[in-house]
Amino acid sequence: MSTVDTGSTIRTFYPRRGRVSQRHETAVERLYPRLGVTLRPGESLDHAAVFGRVAPLVVEIGTGMGDTTVDMAAADPDRDYLGIEVHLAGIGNLLDRADREGVSNLRIFDGDALTLFADHLADVEVDTIHLFFPDPWPKVRHRKRRMIRPDRLAVLRSRLRVGGTLWCATDWADYAEVMLATLTADPGLENRYDGYAPRPDERPVTKFEQRGVDAGRVIRDLIFTRVA
């Protein structure tokens, strides 16, 4: 049973049933047993067993097709990366690229991010959380599904080490405003910048970011540190 109150059982993602290519399906079948993370209910993540070492852990919520995650993990070999995704095509693409390019410090979890944080990371201090271009749920009636809300933020922050980083990015102006207000109001977090952060060079341009830029939307990064 979870030791952290997730505040809601409402899903923050939509379980799409899109087409999965044979390449991605084969990658999942072949590679998930080695590079995927499977946890029983209530089982804590064993970092050393999963990665073969203990290093600072970066957790990315919603890896999409996984290209950004693979690129960042490859450029940051001294830290371990754990991606979270629910869509098979994205999981397959991440696994295929990580395997072909020999990225050894990357694993993927197929499941709900809030479940992972609440039920499986109690004994793990996360160094950094990435939340890049999460579903903005733009319709008012759907905004209860957004990941950055006070109750869900409390779950994420509780698993960060003191001094650890929560890094978000979005191209939706109203969600950016809500994120900034919610993160600022959390007593355990401190903004590293005066408002939005300058775009860090180490975050590759994702297809979602490029899509937003092409549509004329402004990209906003938010980088906060856990202080308590």
query = Which residues, taken from region 40-53, are assigned to a loop (DSSP other than H, G, I, E, B), in contact (Cβ under 8 Å) with a residue 24 or more places away in the chain and surrounded by 12 or more Cβ atoms within 10 Å (Cβ to Cβ)?
reply = Ser44, Leu45
task = Give me the pairs, please: first residue somewhere in region 211-228 and closer than 18 Å to Trp167 by Cα and among the polar types (S, T, N, Q), second residue anywhere and open to solvent by 70 Å² or more (accessible area, probe 1.4 Å) and modelled with pLDDT of 95 or more, beta-carbon distance under 9 Å, and either six or more positions apart or on two chains.
result = Thr225/Val162; Thr225/Glu190; Thr225/Arg192
task = Starting from residues that are modelled with pLDDT of 95 or more and part of a loop (DSSP other than H, G, I, E, B), keep the ones in region 1-39 and report whichever is surrounded by the fewest Cβ atoms within 10 Å (Cβ to Cβ).
result = Thr38
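Which of the residues spanning region 173-196 are of a type outside the set (A, V, I, L, M, F, W, C) and in contact with a Ser or Thr (Cβ under 7 Å, 6 or more places away or on another chain)?
If the condition is that a residue be of a type outside the set (A, V, I, L, M, F, W, C) and in contact with a Ser or Thr (Cβ under 7 Å, 6 or more places away or on another chain), then Glu190, Asn191, Arg192 are the ones that fit.
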ask   = What number of residues within region 144-170 satisfy the criterion of being assigned to a helix (DSSP H, G or I), among the polar types (S, T, N, Q) and open to solvent by less than 10 Å² (accessible area, probe 1.4 Å)?
value = 0
inquiry  = over 17 Å from the mean Cα position of the chain (by Cα) and either at pLDDT 95 or above or buried (at least 18 other Cβ atoms within 10 Å of the Cβ) (or both): which single residue out of Arg107, Arg97, Arg141 fits that description?
reply    = Arg97
key: Residue that is over 16 Å from the mean Cα position of the chain (by Cα), open to solvent by less than 10 Å² (accessible area, probe 1.4 Å) and within 30 Å of Gln22 (Cβ to Cβ), where the choices are Gly188, Gly92   = Gly92
Qualifying residue in region 112-120 (condition: of a type in the set (A, V, I, L, M, F, W, C), under 27 Å from Arg23 (Cα atoms) and modelled with pLDDT under 95) = no
note = When region 193-228 is checked residue by residue, the ones that are under 21 Å from Val126 (Cα atoms), surrounded by fewer than 17 Cβ atoms within 10 Å (Cβ to Cβ) and of a type in the set (D, E, K, R) are Glu202
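The values are calculated or read from the model by the stated rules, or taken from the named source; none is laboratory data. The structure displayed is predicted, hence computed values, not measured ones. Virtual Cβ from ideal backbone geometry, glycine too; neighbours counted across all protein chains shown. What goes into the accessible areas is simple: the full protein's heavy atoms, side chains included, and nothing from ligands, DNA or RNA. Shrake-Rupley method; radii C 1.70, N 1.55, O 1.52, S 1.80 Å.
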